[in-house]
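The values are calculated or read from the model by the stated rules, or taken from the named source; none is laboratory data. All values derive from a computational prediction rather than experimental measurement. Here the Cβ positions follow ideal geometry from the backbone for every residue, glycine too, while neighbour counts run over all protein chains shown. Protein only, heavy atoms only, side chains kept; ligands, DNA and RNA dropped before computing areas. Shrake-Rupley method; radii C 1.70, N 1.55, O 1.52, S 1.80 Å.
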Amino acid sequence: MGTEDPVTDTRALHPVRPLTSALPVLMTALVSLSLLSPASARQAAPGSVLTSESRGTVALADVTPQIGKLYSRSGMPAPKYAVERHRLTVRSTDERGQAVTVRALLYVPVLRAGVSAPLYVMGPGTTGLADACAPTREDAARDNWGNYEAHMLSYAAQGFAGILPDWANFDDPSQVQPYFVAASEGRIMLDAARAARTFLGARLSEGTYLAGFSQGGHAAFSAADLVASYAPELRIRGVIGYAPAMDVMTLFRERPALGPYLAQSYAAYYGVDPAKIIAPRWLGKLDREAGGMCVTDVYNHYPNDARAIYRPEFEAALKSGSVASLDPHLARLLRRNAPGFNPAGRSIPALVVTGLTDPIVTGDAQLTFMRKSCAFGRAVVQRGYADANHFQARQFGFRDTLTWMRDLEAGLAAPTSCLDAKYAMPSRTAKKPQQGTTVFVNKKR
């Protein structure tokens, strides 16, 4: 099934109106929205498209040259479609109901007339807190945070329309990104889906997939938790986590170099005292350094050593699992921001893609999330890839992700790795790099 056109079955299941009939209404709405005053824009409904700008079309012959480097180690299926690109600004909200405006990049496969595409909403990983670090501003040739342009082109060229949003506050120098704040991330993911549907209309089929890399995986599962209450009109067929960082406490412990980002964001958003977390050596420059450096600079600046980054009391509490005794308020926030377990989202199946050499969100951390997900009752599959690290998990999992989504689009029952689970990571040399091995063994799959 991995070689079939992903929209063939959905065309039969979801008849579509000719695009030409929707264009006049759609363009009128877009022009009106683009002329809204700032006050009117704030009053627009969540998911509204406030402005749009064409970024041109990538011809089919030009797709491989633009994405080939991203897949140089993992290989990739041949692209099938040219891809239209657009830049949108989108209305969203925070959990307090306050208006938020974010930028998003939209990628649309050029399909034959009358055929609609499923929607793939992609949450980017950590890029930084400063405005200059917005994922939609990435220049991968200069500073590669994830090469999201190539990632999104690769899925659109396989027949999935895709949208990649920024997180909140990247266009507001007075505010800090709500980094690893689940309720903020999840709303933006869902409003990005709404915006894509507003903009594309009948060019999209009914199914929507929530996906994300690292921090973006946290966001994707946050959106799955919120969809029933926040955007019940969306038909979410599945959620995908590429090396997802699902537990903030674990991230503090396993990746101390990102601790200053977390401390800076939680201080600005929740009023957490960063002096209880960050060692005095770094504390005085936290606003300028953590608040101003994009992720590649942060990795070069801060040592990945908990004893060097954190206050001794916080480092000891992380190590012993006693943060609740040291700072009950912070412990409550960390629990609040561990998504994926709202019963309202349990029926949404999931795929977790794991690089077995990941030093940032370790295999053990992802395995813990899998165990909890199985106990929770979600239909979830985990795929592990030998020799793939944190930044390569998406590429090594490309084929398996396409197959998983296409199977769900075809109406097949969601698979699970939880049946006959062994709860053990496979040998790192068990499979060829491009072949995913099921971490949780399922004899029926």
Exercise. List the number of the failed condition for R87; all other conditions in (1) closer than 30 Å to Y269 by Cα; (2) open to solvent by 40 Å² or more (accessible area, probe 1.4 Å); (3) at pLDDT below 95; (4) charged (D, E, K, R) hold.
Key: (3)
Quiz item: Which members of the stretch 125-157 meet the condition of being in a loop (DSSP other than H, G, I, E, B) and surrounded by fewer than 24 Cβ atoms within 10 Å (Cβ to Cβ)?
Solution: A130, A134, E138, D139, A140, A141, R142, D143, N144, W145, N147
Self-check item: Failed criterion for N389 (all others in (1) touching a strand residue (DSSP E or B) at 6+ places or on another chain (Cβ under 7 Å); (2) surrounded by 21 or more Cβ atoms within 10 Å (Cβ to Cβ); (3) modelled with pLDDT of 90 or more; (4) not hydrophobic (A, V, I, L, M, F, W, C) hold)
Solution: (2)
Quiz item: Of the conditions (1) at pLDDT 95 or above; (2) out of contact with any Pro (no Cβ under 7 Å at 6 or more places or on another chain); (3) open to solvent by 30 Å² or more (accessible area, probe 1.4 Å); (4) among the β-branched types (V, I, T), V49 fails just one. Which one is it?
Solution: (3)
Quiz item: S205 versus (1) free of Cβ contacts under 8 Å to residues at least 40 places away in the same chain; (2) not charged (D, E, K, R); (3) not in a loop (DSSP other than H, G, I, E, B): which is the lone unmet condition?
Solution: (1)
Exercise. Six or more apart or on different chains, Cβ under 6 Å: which pairs go from a residue in the stretch 132-145 that's under 10 Å from D166 (Cβ atoms) to one that's basic (K, R) and at pLDDT 95 or above? Could you list them?
Key: T136/R103
Quiz item: So which residues in the stretch 288-313 are open to solvent by less than 20 Å² (accessible area, probe 1.4 Å) and of a type in the set (S, T, Y)?
Solution: Y302, Y310
Quiz item: Any chance the stretch 226-238 includes a residue that's open to solvent by less than 10 Å² (accessible area, probe 1.4 Å), among the hydrophobic types (A, V, I, L, M, F, W, C), within 15 Å of G125 (Cα to Cα) and in contact (Cβ under 8 Å) with a residue 12 or more places away in the chain?
Solution: no
Exercise. For I188, state whether it is in contact with a Leu (Cβ under 7 Å, 6 or more places away or on another chain) and either crowded, with 24+ Cβ neighbours inside 10 Å or in a strand (DSSP E or B) (or both).
Key: no
Quiz prompt | Hey, G259 crowded, with 23+ Cβ neighbours inside 10 Å and part of a strand (DSSP E or B) or not | solution = no
